[in-house]
Amino acid sequence: MNAVRNVVFTACTAALLCASCAVSPEAEERRLATEAEIAHILSIELDPAEYGETKRCLSDAEYRSFRALDDRRILFVGRRDRYWINTLRTRCTDLRYGDVLVVRKFSGSRLCDTDTFEVAEWFDFPWYRRWPWHWGSGWGTGLRCSLGKFQPVTEAQVEAIEAALEAR
């Protein structure tokens, strides 16, 4: 009897969890419309001589900061008003909660589309909470995300994407 009760309890719990994760059709429709608008903005062709081509890798010297636009895109800001949008391979919900990327690089001093990362808070960084001999790994949030390619964009495109995301 206990086994049947456990199975029923587990099934009900799973059903409730699935129902709580469900997205309303209106919200999903808005998300898809926003994704289509962003895809249209990113499809605008730029002069390769002025902006460069989409890159697999971005040298550490090419960018000076980054910020998450949403859970799918990171904006890298470079020198001389250069911008790149990295569309991640999958959604990374942790981007909303942190401001440091703990990157596992496979190519030295470059970020590449094969690299993975975790998101951390600045004050979760090892030097704030632990002694140096305890730094090691294991101070990210745990969710591993993968970078995509680095697409050059203009400041106007960035503003249009931010407006589309804000309107969502």
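Numbers for the structure displayed
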item: Of residues in the stretch 42-56 being modelled with pLDDT of 90 or more and small (Gly, Ala, Ser), the one nearest to the chain's Cα centre (by Cα); result: Ser43
item: The stretch 152-168, residues that are surrounded by 11 or more Cβ atoms within 10 Å (Cβ to Cβ) and touching a residue at least 12 places away in the same chain (Cβ under 8 Å); result: Pro152, Val153, Thr154, Glu155, Gln157, Val158, Ala160, Ile161, Glu162, Ala164, Leu165, Arg168
item: All positions within the stretch 71-103 that are among the β-branched types (Val, Ile, Thr), at pLDDT 85 or above and touching a Gly at 6+ places or on another chain (Cβ under 7 Å); result: Thr87
item: Pair list, Cβ < 9 Å and 6+ apart or interchain, from the stretch 18-32 residues that are surrounded by 10 or more Cβ atoms within 10 Å (Cβ to Cβ) and in a helix (DSSP H, G or I) to residues that are at pLDDT below 85 and of a type outside the set (D, E, K, R); result: Arg31/Val23
item: In the stretch 104-151, the residues that are closer than 30 Å to Tyr51 by Cβ, at pLDDT below 85 and within 12 Å of the chain's Cα centre (by Cα); result: Val119
item: Total residues in the stretch 39-70, condition assigned to a loop (DSSP other than H, G, I, E, B), out of contact with any strand residue (DSSP E or B) (no Cβ under 9 Å at 6 or more places or on another chain) and surrounded by 11 or more Cβ atoms within 10 Å (Cβ to Cβ); result: 1
item: Matching entry among Ala68, Ala61, Ala39 (being touching a helix residue (DSSP H, G or I) at 6+ places or on another chain (Cβ under 6 Å), at pLDDT 90 or above, hydrophobic (A, V, I, L, M, F, W, C) and at negative phi); result: Ala68
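The values are calculated or read from the model by the stated rules, or taken from the named source; none is laboratory data. Please read these numbers as outputs of a predicted model, since none were measured by experiment. So basically every Cβ, Gly included, is an ideal-geometry build from the backbone, and we count neighbours across all protein chains shown.
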